[in-house]
Each structure stands twice: as structure tokens, then as C-alpha cells.
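Here is the structure we will look at, set down as C-alpha cells.
Since every read-out is calculated from the coordinates, none of them should be taken as a lab result. Because the structure is a prediction, the values reported are computed rather than measured. Cβ placement follows ideal geometry from the backbone for every residue including glycine, while neighbour counts extend to all protein chains displayed.
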Amino acid sequence: MSDKFTITFLGTSSASPQVERRQSSVAIKYRNHNLLVDVGEATQVQLLKHKIGFSNLTILLTHLHSDHTLGLIGLLTTRSFYNISRSITIIGPPWTSSFIFLQLLAYRLYPEYDIKVIETNGGLVLSNSDFYIESFPVSHGDNCLGYKIVTHKSLGVFNVDRALNKNIPKGKKWKKLQEGYPVEIDNKTIFPSEILDISNKKQTKIVITGDTPLDDNVINNSANADLLIHDSTYPIIETERAKKHKHSTCTDAAFVAKRANVKKLILTHFSELHKNLTETLRNAKEIFPDSVLAYDGLVIEI
Ligand SMILES: [Zn+2]
Ligand SMILES: [Zn+2]
């Protein structure tokens, strides 16, 4: 199984329709976990195009603006058409539950699978065997979130033979060693390094901001990330408009990447006011050299 995240950009436009870009959606795959961050209009078609299944998805909504959510009810409906019985978890800001269930009621849709909704305003929202996800508020408006996805720390793989050779009884002492603490056996201290096959695997951290203006909270939460996916709605010539609509320019995003000391920045959520994306990229790279422009269909491995 691959030890990398595969990130597929399904939609990279801001709110207004564009011929070459669909509305916001990013698929993130790690081992057997499939996350979908936002579900703009046309997300279903993009999932089909990129051969990403509908059944094993966990959905994260950054906020409830229509350019991030118009595809959601369609996707839930298609799951019913496909007779998918597996439950689905949808994580989003406060009101997400009412937002979904009122729409299902209006459409008279009654899916036979469970829809589990987790509403969050910041903090831990999910933890599985491989990674955890935390949300954090961003100042695009009320109830707007960014997410960080971080793999668990791994001290090393527990070597059972070595533990048995040293007469360490199975149970609490094994657990303590696995967690990195020494244990006492026959008045002798055994250190984790004697039992664990020490791992040199680093944690991987991915941050996706959703819509956001330049925001200190984004900088703090993005610290040392391997990848930052940041709002870049406007070119620098539209700085005033970016402030007014609580979005970022390409240079705002680059400034955040630099301040947060991230490894790689991907700019997305472009408005049609970017007449020249080559210039947008050049402006971003002047501040943060490892900047990349997202496009529909871009796949990145981290
Ligand atoms: Zn948006
Ligand atoms: Zn928005």
C-alpha cells in the first residue's frame, strides 16, 4: 500500500462558472481512506472521470457557500441510485446537518444508508489508524473552516520476539514501550529503543484553507506543513476586492506559505479576473518559490 497521499483537484474555480474550471472540490486518498473536501457543482462528473468511487467517501465541507456544496445532494442521490448501503460521514461547520436534511426533505429523498454528520467549529474531528483531522476557523465569514490532515507519529514497529526474549509480559508493559516509555523488568530498565524497530517515517501534514482572506490563524495552523492548499481567488491588482470579499490574492497565499514555513503551496479557487495566470504564478513565486497553480485534473503525491 502506498505511503503517500494522492491529491486530485476536481474543481479549482471560484464562485462564477468557467469553461475550463469546475467549482471547488479536492479528493484526497491515503491507503484505503478517501476524503472529499467540498463538493461544488459537477463534482460527480469529475469523480467519474477520475475513477474515484462514490461508496467509500468521507466528506469535509469548509463552509456552506453554494460553490462548495451544490454537488452534495446530487452525490447523495446517486449513492441511492447505485444502491450503496455503506454509511457516509459528512464533516462541516455548524448548520451542516440542517442544511443537508432540509434539502433531502425538499427533494423528497430518503437515502437508505446512514448519513452521519459531524459539526465542528475547530478542533479534532476524525482520527483513524493512519491520520487525524482537525478543523480551524478562518475569517471568510461565519462558520468557515480550514482543515489540517496529519499522519500519526510512529515511534516504530513493536518487535514481539525481542520483547519475549527479554521476558516482558504481554499487556500494559508492551503498550508503554510502544508509546515510548521505559519499563522495569526484574529491577532492570528496558528502553523502547531495545524493543521497537525504530521508524524514520516522518509525520505528513496537509492543510487546506477553503475560502479565506489573509489570516493569522491560517498561518499558525499551517506551520511546517508539507502541503498548503490556499485560496488564491484574485490577482494582486484586485487586492481591494479580495479584502472586501474576504478572499486572498495570489501573493497573500504566498505570504502565508512563507510565514508558515510550508514545503509546497498550491494556489486554487481562481476567479475569471486572473487574465494571465503565468503572471499570477510569477507573483507568487517571487515570495514563495515552491508555488504551483491548481487546475482541474492536477494530481499531486505527498
Ligand atoms: Zn468559494
Ligand atoms: Zn465562500
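What is the magnitude of the charge dipole of the stretch 156-198 about its Cα centre, with +1 placed on the Cβ of each Lys and Arg, -1 on the Cβ of each Asp and Glu, and no other charges, expressed in debye to the nearest 20?
In debye, rounded to 20, the stretch 156-198 gives about 180.
Cut-off under 12 Å on the C-alpha distance; same-chain residues fewer than 8 positions from K166 excluded. Which aspartates and glutamates are left, in chain and number order?
Within the straight-line cut-off, K166 pairs with E184, D186, E194.
Given the rule -39500 (n - 2.57) for each run of at least 4 DSSP H residues, summed and divided by the residues of the chain, what is its mean residue ellipticity at 222 nm, to the nearest 500 deg cm²/dmol?
Only helices count here, giving -7000 deg cm²/dmol.
Taking a threshold of 32 Å on the Cα-Cα distance, which of the pairs K176/K205; K172/K258; K116/K170; K116/K246; K201/K246; K153/K246 fall above it?
K172/K258; K116/K170; K201/K246; K153/K246
Volume per residue, Å³, of the convex hull around the alpha-carbon atoms of the stretch 1-94?
Dividing the Cα hull volume of the stretch 1-94 by its residue count gives 103 Å³.
What aspartates and glutamates could a cross-link reach from K275, if we take a straight Cα to Cα line under 19 Å and drop same-chain neighbours fewer than 8 places away?
K275 reaches E20, D231, E238, E240, D252, E286, D296.
Ratio of the stretch 156-198's C-alpha Rg to 2.2 N^0.38 Å, to two decimals?
After normalising by residue count via 2.2 N^0.38 Å, the value is 0.97.
Where q = 0.09, 0.11, 0.12, 0.16 Å⁻¹, what log10 of I(q)/I(0) comes from the Debye formula for the stretch 102-246, counting one point per Cα?
Each listed q maps to, in turn, -0.52, -0.68, -0.74, -0.94.
With a point put 7 Å past each Cα toward its Cβ, work out how far K275 is from K176 in nm, to one decimal.
Result: 7.0 nm between the two label points.
Distance from the Cα centre of the stretch 1-16 to that of the stretch 270-302, in angstrom?
Here the two parts' Cα centres lie 14 Å apart.
Given H placed on each backbone N at 1.01 Å, which residues far from V117 in sequence or on other chains put an amide H within less than 5 Å of it?
I90
If you restrict to DSSP beta bridges whose two residues both lie in the chain, what percentage is antiparallel, to the nearest 5?
Here the antiparallel bridges make up roughly 60 percent for the chain.
Go through 28-38, 175-185 and give me the packing order, highest mean Cβ count within 10 Å leading.
28-38, 175-185
So how do 162-169, 91-98, 191-198, 222-229 stack up, highest first, on mean other-Cβ count within 10 Å?
Result, highest mean first: 222-229, 91-98, 191-198, 162-169.
Viscosity 1.567 mPa s, temperature 4 °C: give me the Stokes-Einstein translational D for the chain in µm²/s, with Rh taken as the Kirkwood radius over C-alpha pairs.
62
Looking at the stretch 45-111, I'd like the Rg to Rh ratio, where Rg is from alpha-carbon atoms and Rh is Kirkwood's inverse mean 1/r.
With Rh from the inverse mean 1/r over Cα pairs, Rg/Rh is 0.94.
May I ask you to evaluate 6.51 cos²θ - 1.76 cosθ + 1.60, the Karplus curve with θ = phi - 60°, for each residue of the stretch 114-131 and list the ³J(HN,Hα) values in order in whole Hz, giving x for glycine and proline?
With coefficients 6.51, -1.76 and 1.60, one gets 7, 10, 9, 10, 10, 9, 9, 10, x, x, 5, 10, 7, 9, 10, 5, 10, 8 Hz.
What ³J(HN,Hα) values, in whole Hz, does the Karplus curve 6.51 cos²θ - 1.76 cosθ + 1.60 give for the stretch 173-178 when θ = phi - 60°, with x put for Gly and Pro?
5, 4, 5, 4, 4, 4
Which log10 I(q)/I(0) values does the stretch 211-288 give at q = 0.11, 0.19, 0.23 Å⁻¹ under the Debye formula, counting every alpha carbon as one identical point scatterer?
-0.23, -0.68, -0.99
What ³J(HN,Hα) values, in whole Hz, does the Karplus curve 6.51 cos²θ - 1.76 cosθ + 1.60 give for the stretch 153-163 when θ = phi - 60°, with x put for Gly and Pro?
With the stated coefficients, the stretch 153-163 comes to 5, 10, 6, x, 8, 5, 9, 4, 4, 5, 5 Hz.
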